[in-house]
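*Asks:* Structure below; questions to follow.
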Amino acid sequence: MGGSIKQAQTEAPRVVGAPNGEPVKTAVVVPCHNEERRLDVHAFRALLSTRSDLAFLMVNDGSDDGTMAMLEDLRRSRPEAFQIIDLPQNRGKAEAVRRGISESAHWSPRYVAFWDADLATPLEAIPLFEEVLDDHPQVDLVMGSRVKLLGRSVVRSELRHYLGRVFATVASMTLRLGVYDTQCGAKMFRYSDQVREIFHEPFLARWIFDVEILARMIRQGGPQCVEASVYELPLLHWKQVEGSKLRATDFARALLDLYRIRRRYLRVSP
């Protein structure tokens, strides 16, 4: 049993498609696990009809429905813009994103992002993230932030909202950063050696790896460096999509993962 688990953990993913040599501005990693009913292929095609400098790396995270067939059909429609990383077993969002970011090096992007497959944050927000990085050379990471403000549409159940605020407060205290929303599934990085280092090793956490990313950045340069290089972008539109894979027990597990992250990266004794 132990040997088979170890083999599954080290088995290399199957990669379908490759860069055609044309430079891309932004490579977007999209982790997908059983997204057959939620993946809006038309939204991806619509955006690419107006952009030739984007690449999407679709990571099939061990899906057992029709997700892979949908991704292959999407790639056939625009092979120069899509690549599929097919993980043989479900490894969780953190590892799916990590594998995608690592593979994005072959596209030589200026920016690299990861985006939730349900498109709770619309793909139309990508240019807004790029604009922040274009205009602010000191910024290395743009994080989508779900802030309910007048003139913005952030649709979320009250339970998810208040649980999210409790978690965000604890995460902010753990990191000792004034971060409002660590868990929004839309983030964009200025591609660099530092980003490659952040995503080089597997994450401790399967779900709250976003917090772990910030902890690794703190380990790299200290909290003041992170405060100067991370930009939270209030989203114009965000909508909770039905079919979330989060369970009630995940909140307790997230708190435990926060403790593990704090011990590993922030040098705090128990």
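*Asks:* Roughly what % of DSSP beta bridges within the chain run antiparallel, to the nearest 5?
*Replies:* Working: 11 of 36 bridges.
Here the antiparallel bridges make up roughly 30 percent for the chain.
*Asks:* Heavy atoms only, probe 1.4 Å: what % of the accessible area of the stretch 45-91 goes to carbon and sulfur, would you let me know? Provide the component values of the computation, followed by the final result.
*Replies:* Working: 840 of 1880 Å².
Here it works out to 45 percent.
*Asks:* Related question: Quick one: Cα centre-to-centre distance for the stretch 41-57 and the stretch 82-120, in angstrom?
*Replies:* Between the Cα centre of the stretch 41-57 and that of the stretch 82-120, the gap is 16 Å.
*Asks:* Using the eigenvalues of the Cα gyration tensor, what equivalent ellipsoid semi-axes result for the chain when each is taken as the square root of five times the eigenvalue, whole Å, largest first?
*Replies:* Values: eigenvalues 140, 100, 80 Å².
Calculated on Cα positions only, the semi-axes equal 26, 22, 20 Å.
*Asks:* Which ³J(HN,Hα) values in Hz, rounded to whole numbers, follow from the phi angles of the stretch 104-120 under the Karplus curve 6.51 cos²θ - 1.76 cosθ + 1.60, where θ = phi - 60° and Gly and Pro get x?
*Replies:* 3J(HN,Hα) across the stretch 104-120, in whole Hz: 5, 4, 5, 8, 6, x, 6, 10, 9, 9, 10, 9, 5, 5, 6, 6, 4.
*Asks:* Over the stretch 48-123, average the accessible area per residue using a 1.4 Å probe and give it in Å², no decimals.
*Replies:* Per residue, the stretch 48-123 has an accessible area of 33 Å².
*Asks:* Which whole-number value in Å² is the accessible area per residue of the stretch 158-259, probe 1.4 Å?
*Replies:* I get 53 Å² per residue for the stretch 158-259.
*Asks:* A further question on this structure: Just to check I understand the Karplus step: with θ = phi - 60° and J = 6.51 cos²θ - 1.76 cosθ + 1.60, what whole-Hz values come out for the stretch 88-95, glycine and proline as x?
*Replies:* Karplus-based 3J(HN,Hα) across the stretch 88-95 equals x, 10, 5, 10, x, 4, 4, 6 Hz.
*Asks:* Right, next: Between MET58, ALA27, PRO88, whose Cα lies farthest towards the positive end of the dipole of the stretch 6-107 when Lys and Arg beta carbons carry +1 and Asp and Glu beta carbons carry -1, centred on the Cα centre?
*Replies:* Working it through, the farthest residue towards the positive pole turns out to be ALA27.
*Asks:* Using 0.36 nm per residue of separation minus the Cα-Cα distance, give me the extension gain between PHE251 and ALA228 in nm, one decimal.
*Replies:* 5.3 nm
*Asks:* Separate question: Once amide H atoms are placed 1.01 Å from N in the peptide plane, what residues at a sequence separation of 5 or more from VAL28, or on another chain, have their amide H within under 5 Å of its amide H?
*Replies:* Long-range HN contacts for VAL28: ALA55, PHE56, LEU57, ALA113.
*Asks:* Go ahead and collect, in residue order, the members of the stretch 225-240 whose backbone nitrogen is under 18 Å from a label point 7 Å along the Cα-Cβ direction of ARG156.
*Replies:* From the stretch 225-240, the list is 231-240.
The values are calculated or read from the model by the stated rules, or taken from the named source; none is laboratory data. Here the structure is a predicted model, which is why all the values come from computation and not from measurement. Positions of Cβ are backbone-derived with ideal geometry, glycine not excepted, and every protein chain shown enters the neighbour counts. For the accessible areas, the whole protein counts, side chains as well, though only heavy atoms, and no ligand, DNA or RNA atoms are used. Shrake-Rupley method; radii C 1.70, N 1.55, O 1.52, S 1.80 Å.
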